[in-house]
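The values are calculated or read from the model by the stated rules, or taken from the named source; none is laboratory data. Fair warning: this is a prediction, and the values are worked out from it, not measured in the lab. Counting neighbours? That spans all protein chains shown, and the Cβs are built from the backbone with ideal geometry, glycine included. The protein model used for the area step is the full one, side chains on, heavy atoms only, and it has no ligands, DNA or RNA in it. Shrake-Rupley method; radii C 1.70, N 1.55, O 1.52, S 1.80 Å.
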Amino acid sequence: MSVITKTITVRSNGENDMIDITRQTDEAIKASGLQDGIVAIFVSGSTAAVTTIEYEPGLKKDFPEMLARIAPSEIIYEHDNTWHDGNGHSHVRASLLGPSLTVPFKNKGLMLGTWQQIVLLEMDTRPRDRKIILQLIGE
Ligand code: ZN
């Protein structure tokens, strides 16, 4: 059993940017020397999230629109009253989705569905450099 930790960095274009990180995750597994195991994908930051989705133009719009219905940007947030950074909605959306995801791999391949990609979702109001930690546990 081995534990291998890698970090990848992606640049987001700001609020609602959805970035497909499946290829980088797959490459990390292929380069690890591990055959079977799990990979934890964790974004370090409180205004972004990691999840899976079918990465296609319709859902790239539908998903942020769903978040806007659940946590609208135009209501009052105590976070904004305190810090005046205007991203209270970004924080609550990110916490709702969560910063991490665990995906099993077998024979050096991610066990994802055919139409299932791993994505970083940017929820902050400005472009950000996002550090994503990939921790592989396996043999
Ligand atoms: Zn904030």
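Name the lysines eligible as straight-distance cross-link partners of LYS30: C-alpha to C-alpha under 24 Å, and not fewer than 8 places from it in the same chain.
Correct list for LYS30: LYS6, LYS106, LYS108, LYS131.
Per-residue HN-Hα couplings for the stretch 63-76, Karplus 6.51 cos²θ - 1.76 cosθ + 1.60 at θ = phi - 60°, whole Hz, x for Gly and Pro?
5, x, 5, 4, 5, 5, 6, 7, 9, x, 7, 8, 9, 7
Using per-residue counts of other Cβ atoms within 10 Å, averaged over each peptide, order 50-58, 12-20, 75-83, 117-125 from highest down.
On the way: 50-58: 14.0, 12-20: 17.4, 75-83: 11.7, 117-125: 23.0.
Listed from highest to lowest mean packing, they are 117-125, 12-20, 50-58, 75-83.
Counting each DSSP H run of 4 or more residues in the chain as -39500 (n - 2.57), what helix-only mean residue ellipticity at 222 nm follows after dividing by all residues, to the nearest 500 deg cm²/dmol? Show your work: numbers first, answer last.
Numbers: 4 runs with 41 residues, N = 139.
About -8500 deg cm²/dmol.
Give, in whole angstrom and from largest to smallest, the semi-axes √(5λ) of the equivalent ellipsoid of the chain, with λ running over the eigenvalues of the Cα gyration tensor. Before the final figure, lay out each step's value.
Values: eigenvalues 181, 50, 26 Å².
Value: 30, 16, 11 Å, ordered largest first.
With a 1.4 Å probe and every protein chain kept in, tell me what percent of the accessible surface of the stretch 2-138 is carbon plus sulfur.
On the way: 3760 of 7190 Å².
Carbon and sulfur: 52 percent of the exposed surface of the stretch 2-138.
Probe radius 1.4 Å, ligands and nucleic acids left out: which of VAL92, VAL3, VAL39 has the largest accessible area, and how do the rest follow?
Values: VAL92 70, VAL3 95, VAL39 0 Å².
Most to least solvent-accessible, the answer reads VAL3, VAL92, VAL39.
Tell me, what is the percent relative contact order of the stretch 15-105, built from C-alpha pairs under 8 Å that lie six or more residues apart?
Relative contact order, the stretch 15-105: 47 percent.
Given points 7 Å out from each Cα along the Cα-Cβ axis, report the ASP80 to ALA40 separation in nanometres with one decimal.
3.4 nm
Excluding residues on the same chain fewer than 8 positions from LYS60, give the aspartates and glutamates whose Cα lies under 18 Å from its Cα.
Leaving aside aspartates and glutamates fewer than 8 places away in the same chain, those within reach of LYS60 are GLU15, ASP17, ASP20, GLU122, ASP124.
Residue by residue through the stretch 119-128, which ³J(HN,Hα) values in whole Hz follow from phi under the Karplus form 6.51 cos²θ - 1.76 cosθ + 1.60 (θ = phi - 60°), with glycine and proline marked x?
Computed from phi, the couplings for the stretch 119-128 are 10, 8, 10, 7, 10, 6, 7, 9, x, 9 Hz.
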